[in-house]
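Notes to accompany the following structure.
Every read-out reported here was derived from the displayed coordinates using simple, explicitly stated rules and does not represent laboratory data. Because the structure is predicted, anything quoted here is derived from the model rather than measured. Heads up, the Cβs are rebuilt from the backbone with ideal geometry, glycines too, and the neighbour counts pull from every protein chain shown.
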Amino acid sequence: MTEFRAPVGTRDVLPPESARWERLVALFAGLVEQAGYGLVLSPMFEDVGVFERVGEGTDVVRKEMYDFEDKGGRRVALRPEGTASVVRAYVQHRPTPPFKAWYAGPGFRYERPQAGRFRQHHQMGVEALGTDDADLDVEVVALAWSVCSRLGLSQVTLLLNSLGDDVCRPAYLETLRAFLRDAALCDEHAAGYEKNPLRVLDCKRDACRAATDAAPRLVDNLCEPCAVHFARVRAGLDSLGVAYTLASRLVRGLDYYTRTTFELAADALESAQNAVGGGGRYDKLAQSLGGPPTPGIGFGLGVERLLLAADAEGVFPVPQSSVDIWVVDTTGGTAALALTHELRAAGISADRSFDGRSMKSQFRSADRSGARLALVVGDNEAAAGTVTLRDLRGGDQETIGRADVVEHVRKLCR
Ligand SMILES: [Zn+2]
Ligand SMILES: [Zn+2]
């Protein structure tokens, strides 16, 4: 018989590791809901046009889209990231702005699997639509930052840039093209810089790095409104004590960004894969998906990367999760069935052994489970209408009347 395995580029997350994932999402949800963001659940696949419209010039869309034709002949794609789906939902339902949403879920890219890159990865993020107020940029950037600090990450660098808008960017791109014309670029960009000169700034190859050291910077070429906006974002972050590094090379992989863009880099990870998240403003995105002009900003954090960064810093460990009570029943299991049910109904976590195992074997399971207390029902207890409560760490034990068990245990577990 074939033994099936998880598809290439995917992986299973099992307990106890999965408890960390739960905790991470709960921590994230708690933080952003406190700031007024509500959960949005959107489909994991969309009309392929949703993603094509927003990222024509990008690798994510051109080479890595996980798209296919379904049985009805529709071209669909598994979402490569979260923003386009949430903005598509906004355009479709037109909730009252400002619309502040969060999401957590998988994203998909069809690419050759390699270390740290999965065909299915997981993201948590927020999107806020309906205002271009710079204070919202500050709020969003600070939220992303505080997720990292709540996790206990201390070696994270916040990179900040402004990509300008339709007014100032085209002129800057011409200036940049003119500069790059005479520069010695890597092979890919020597041929491709005309089409998307911004990507050259982002190139990690030595040739492009050296050639663009003295390249004109977009932050020095912003129009007045963009410059004022960016200054307010920076002042806001300063006032909140959120430290950032200006990064004129930061252009992000998707081409819908305008004005504020940012990235969180984990210094404890290798530089090629140290981005734990990022985001920015996308004031034209809603329009490009057929909606009314609606400014917006958001960020996405990679769950796998965040956990790698946490491992590298030795923070946010896999939580010790165990039940409080292990019920040991050597009378056939009926007592264990009733006791676990009553305890759980009273909000006390409890588990038991199955298959009529020996007392010794049941105690071994109890130890392995990490439970603090065991409730023991043997022939003597059954006959006397009692239960023996044993402290699995210290070894003390006491006898309790069967009818008083739940109340007694509840006091101990409080
Ligand atoms: Zn290059
Ligand atoms: Zn501008």
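Just want to confirm a number: the relative contact order over the range 12-124, from Cα pairs under 8 angstrom separated by 6+ residues, in percent.
Once divided by the residue count of the range 12-124, the mean separation gives 28 percent.
Which whole-number percent gives the relative contact order of the range 256-309, counting Cα pairs below 8 Å spaced six or more residues apart? Numbers along the way, then the final one.
On the way: 92 pairs, mean separation 18.3, N = 54.
34 percent.
Relative to one another, the C-alpha centroids of the range 68-122 and the range 1-33 are positioned 18 Å apart. Cross-link partners for Lys411 among the aspartates and glutamates, with Cα-Cα distance under 16 Å and sequence neighbours closer than 8 places in the same chain left out: Asp324, Glu342, Asp391, Glu398.
Full-extension gain between Glu407 and Asp12, please, as 0.36 nm times their residue separation minus the C-alpha to C-alpha distance. Write out the running numbers ahead of the final one.
On the way: separation 395, 0.36 × 395 = 142.20 nm, distance 3.93 nm.
That works out to 138.3 nm of additional length.
Spatially, the range 243-305 and the range 145-173 are offset by 7 Å when compared through their Cα centroids.
Once both labels are modelled 7 Å past Cα along the beta-carbon direction, what's the Ala178-Met1 spacing in nm? The two pseudo-label positions are separated by 7.2 nm.
With Cα atoms defining each centre, the range 310-350 and the range 193-207 are spaced 55 Å apart in the structure. Along its principal axes, the range 8-60 has C-alpha extents of 38, 37, 19 angstrom, given from the largest down. With the simple model of a label 7 Å out from the Cα in the direction of the Cβ, Asn196 to Asn380 spans 7.6 nm. Straight-line reach from Lys195: taking Cα to Cα under 19 Å and skipping same-chain neighbours fewer than 8 places apart, the aspartates and glutamates in range are Glu52, Glu56, Asp59, Asp165, Asp166, Glu174, Asp182, Asp187, Asp255. For Thr386, the residues whose amide H sits under 5 Å from its own are Arg402, ignoring neighbours fewer than 5 places away on the same chain, with H placed 1.01 Å from N.
Along its first, second and third principal axes, ordered by size, the chain spans 92, 57, 44 Å in Cα coordinates.
Put in line by how crowded their Cβ is, counting other Cβ atoms within 10 Å and starting with the fewest, Thr260, Thr96, Thr330 read Thr96, Thr330, Thr260. Each of Cys186, Asn221, Ser146 was scored by the projection of its Cα onto the charge dipole of the chain, and the greatest displacement toward the positive side belongs to Cys186; charges sit on the C-beta of Lys, Arg, Asp and Glu.
When the chain is fully extended, how far beyond the present Cα-Cα distance does Val228 get from Val25, taking 0.36 nm per residue of separation?
Details: separation 203, 0.36 × 203 = 73.08 nm, distance 3.52 nm.
Full extension of this stretch gives 69.6 nm more.
Near Leu222, no amide H atom lies under 5 Å from its own; only residues 5 or more places off or on other chains count, and H is placed 1.01 Å from N.
Between Thr388 and Arg344, the contour length at 0.36 nm per residue exceeds the Cα-Cα span by 14.0 nm.
Ranking request for peptides 145-154, 273-282, 390-399: highest mean number of other beta-carbon atoms within 10 Å first, then the rest in descending order. Working shown, then result.
Details: 145-154: 17.5, 273-282: 24.0, 390-399: 11.7.
Most protected by this proxy first, the peptides run 273-282, 145-154, 390-399.
Close amide-amide hydrogen proximity is noted between Arg249 and no other residue 5 or more places distant or on a separate chain, at a cut-off under 5 Å (H modeled in the peptide plane; Pro and chain starts excluded).
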